[in-house]
Amino acid sequence: MNELVATSGPIVIRVWTVGVTHLSNVRSFPAYTRTSIGMPDRASLSTKSRTPVRRSVEPPCCLLLSATEVADETAAVGVALLTQRPEDIPRRNAFSVLVNELPAPASFGEYDIYEAVLFEPNVISFVATLTQTPTHVWAGSLSGISQPFSATMRLIVRPASTQSGATGPALLEGDVSECMG
């Protein structure tokens, strides 16, 4: 049995997996589509302003991260916790990520760390470096995010190199639209 734990203040999220090698095998979890990173299609654009339609996201929210095709051979599973501080605090959004069963970053190329990237396609991205714990769980968080969470945001986990700055392919992914209120 694998256990993932994410905490933020008084909130504790626990996710257990038993004999699951791919997150998509668990029927009670939402299915994530593997769409390319880019702007929303025309159907999701407002006819008046031609800007993406933004719906509100209700933090705190626990977002399951599923393996991409690149990581299908691993038993990697992850969870992200999106949180928000009181409205009177500027730059009040934050996210925390926990990932279990990831192999060493070097198994995907000349990488030495993992990064969690929360991004609005073609607009802005926020990067948190993940640190390996003694129990081989990778964890990290980033606070002080000024951009409000929106349904068009995505979160990925990818390998990276601290030496060259190179980044690898997305290994885990999740759509913030799963947190719609």
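Near L64, within a Cβ-to-Cβ distance under 11 Å, what is the net charge of the other residues, with Lys and Arg +1 and Asp and Glu -1? Let's see the in-between values first.
Values: positive: none; negative: E173, D175, E178.
Net local charge, L64 excluded: -3.
Using a Debye calculation, one point per C-alpha and no hydration shell, please list log10 I(q)/I(0) for the stretch 65-133 at q = 0.13, 0.18, 0.22 Å⁻¹ in order.
Log10 I(q)/I(0), no solvent term: -0.47, -0.83, -1.11.
Computed from the coordinates by the stated procedures, all read-outs in this text should not be read as laboratory data. On a predicted model such as this, the values are computed, not experimentally measured, just so you know. When we count neighbours, we look across all protein chains shown, and the Cβ atoms used for this are built from the backbone with ideal geometry, even at glycine.
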